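The values are calculated or read from the model by the stated rules, or taken from the named source; none is laboratory data. No experiment lies behind these values; they were computed from the predicted model shown. So basically every Cβ, Gly included, is an ideal-geometry build from the backbone, and we count neighbours across all protein chains shown.
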Amino acid sequence: MLSTQALIASPIPKNEFERLIELSEYDLDYSNLESHFKDLTKLAAKVAGTEISLINLIDSFTQWSVAGYGFPPIQMDREDSVCQYTILGDIPYEVMDLSDDERFKQKFYVKDEPNLRYYWGIPLKTENGHNLGALCVMDKEKKNISPEKEELLKLIASEIVSRLNMLRTMDDLKKSMTEIREDHKRVAHDIRGPIGGIIGLAQIIQDQGDDNNLEEVLEFIQLIKKSGKSLLEMADDVLTQNFHSKNRPKLNKKLEYNLFTLKEKIYDLYAVQAKQKEVTLSVHLKSQNGDIPFPQNKLLQILGNLISNAIKFTPKYGDVEVHLSLAEKEDKNWLIVSVRDNGLGISKERIQEILSGKTTSSQGTVGEKGFGLGLSLVKHLVDTYHGQIKIKSELGLYSLFLVRLPVGG
């Protein structure tokens, strides 16, 4: 097992930013995963002989219980979790008595229901060596996880990662199919013009019959030839085009949102965090384009980090306002998002750190540990999709994040 002292000295994984990037690549909706994993949490609890089992994924600020047995899936601040220690290493992490450990004895799940005492967790490690979260089993009484049970739990953890990869593969296939359909529509549209021109010219020649003169016929033939050549070039372009080039990042159309559904999703995922902090979260939108669909890709990762960050740095009874709108510019649709809080504010130096992708951790308003790499992740994702991010702030007054993302044309 990992030593307690080593864990206290290293509260953040050494590869934390890379870990967050890989987690974001799965592009998960944490509120919509339970059906895929509930059977594995039940199996884990039965194997371990414990009352409770949870599958937890850990992002920049939050531990998301995406499936559970014996306890409903919940979300909690990352710094309140036991699994934050599990993801530091490669081997199982065990706490025999949470109530006898200074780090956990005052946590709500120890002091109040379900009055947990025992914890055993194993990291959910990807092929790239990043721990996305943990599978954990817990109980009100001390338990003993034998070597045989440990091996079975390791197999279950491996199956969880395999299912995450399967979901990711299915999403990629949906993306590919959508792109192919869009390419087919584009090609069909582009081909209609030359074909229509050829048919039209041929019809003119036919209608004129004997009245055709040689020069006009030759001119028509030249135009037909040009249209035919255009079709051949288009066919060559279709046959040689790499629709999946890594040099063309596109927003994944695996799921489509509009402003209304995105607003609902923000409330579903982040209203709990705001309520726990006693902060008012409000989402406003310009509804004239509210029903226009756009792809979901990475929006939850980008907006979620900004909203969680705003809640973290806003004092009790403060406000976090999110504004959503959709605008058309330069033949593209742009999602425009602003996240404003009336919290601690950000210094000019720190704003430059964030915009340069070099931000570090800092403390929240009630002493929460900082996991400031979430803002670096936002900058990374916005840049990846050729968006724009601006930050305005005054210390002690407010912070405002403005994000513009291309979401198709």
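Odds and ends about this structure:
- The residues of segment 350-409 that are of a type in the set (D, E, K, R), modelled with pLDDT of 70 or more and surrounded by 15 or more Cβ atoms within 10 Å (Cβ to Cβ), listed by number, are Arg350, Glu353, Lys379, Arg404.
- Taking segment 72-144 and the strands (runs of 3 or more DSSP E) fully enclosed by it, the elements with 3 or more residues that are under 21 Å from Ser60 (Cβ atoms) are at 75-77, 118-125, 131-139.
- Residue list for segment 310-342, filter: among the polar types (S, T, N, Q) and closer than 19 Å to Glu394 by Cα: Thr314, Ser338, Asn342
- Residue in segment 345-359 that is under 20 Å from Arg78 (Cα atoms) and in contact (Cβ under 8 Å) with a residue 24 or more places away in the chain present: no
- For segment 119-152, a residue qualifies if it is farther than 20 Å from Leu98 by Cα and under 20 Å from the mean Cα position of the chain (by Cα), and the qualifying residues are Leu124, Lys125, Thr126, Glu127, Asn128, Gly129, His130, Asn131, Leu132.
- Only one of the numbered conditions (1) of a type outside the set (S, T, N, Q); (2) assigned to a helix (DSSP H, G or I); (3) surrounded by fewer than 20 Cβ atoms within 10 Å (Cβ to Cβ) is violated by Leu20, and that is (3).
- Any hit, segment 54-73, residues being over 19 Å from Leu299 (Cα atoms), at pLDDT 95 or above and more than 23 Å from the chain's Cα centre (by Cα): yes
- Hits in segment 28-48 (condition: among the hydroxyl-bearing types (Ser, Thr, Tyr), surrounded by fewer than 19 Cβ atoms within 10 Å (Cβ to Cβ) and more than 23 Å from Lys277 (Cβ to Cβ)): Ser35
One line per residue, one yes/no per condition, for (1) of a type in the set (A, V, I, L, M); (2) surrounded by fewer than 19 Cβ atoms within 10 Å (Cβ to Cβ):
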{"residue": "Thr50", "(1), (2)": "no, no"}
{"residue": "Leu54", "(1), (2)": "yes, no"}
{"residue": "Leu57", "(1), (2)": "yes, no"}
{"residue": "Thr62", "(1), (2)": "no, no"}
{"residue": "Ile74", "(1), (2)": "yes, yes"}
{"residue": "Thr86", "(1), (2)": "no, no"}
{"residue": "Asp100", "(1), (2)": "no, yes"}
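- Count of segment 11-66 residues which are touching a strand residue (DSSP E or B) at 6+ places or on another chain (Cβ under 6 Å) and of a type outside the set (S, T, N, Q): 18
- Evaluation of Val320 against (1) within 19 Å of Leu259 (Cβ to Cβ); (2) out of contact with any helix residue (DSSP H, G or I) (no Cβ under 7 Å at 6 or more places or on another chain) (one fails), failing number: (2)
- If the condition is being buried (at least 19 other Cβ atoms within 10 Å of the Cβ) and not hydrophobic (A, V, I, L, M, F, W, C), then segment 106-116 contributes only Tyr109.
- Checked against (1) surrounded by fewer than 18 Cβ atoms within 10 Å (Cβ to Cβ); (2) modelled with pLDDT of 90 or more; (3) more than 23 Å from Asp27 (Cα to Cα), Arg340 meets all criteria but (1).
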